[in-house]
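A short write-up of the structure that comes next.
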Amino acid sequence: CRGMSLNPSFLLHPLDILGPEHAPELAFFPGMDLPAEHKRGLVREVIGMLAEQFTLVPMGTHAATALAHNRLMVLEPGAPRLVPSG
């Protein structure tokens, strides 16, 4: 990300922080055998690592900044690759 002057986007899903004690019926999903406390610890660690290198902001701020700096990429129909927007 730094090499391309981009900010990372870190998306969390509910199962990233829920454990089998919250939803045993979802045990078939990968990672659902790990306790929620363990998962939350990993998430805190990763967010801490990201915070050391980047300024963390909510997704709306992240998207608005990308839009304001014309850093969005658009997949044009029929185009073989992404092209800058604008």
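Since every read-out is calculated from the coordinates, none of them should be taken as a lab result. Predicted, not measured: the structure shown is a model, and the values here were computed from it. We place every Cβ from the backbone using ideal geometry, glycine too, and count neighbours over all the protein chains shown.
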Among Phe29, Thr65, Phe54, the residue whose Cα sits farthest towards the positive end of the charge dipole of the stretch 13-69 (+1 at Cβ of Lys and Arg, -1 at Cβ of Asp and Glu, taken about the Cα centre) is Thr65
The simple spin-label model distance between Thr61 and Phe10, using points 7 Å out along Cα→Cβ, in nm, is 1.4
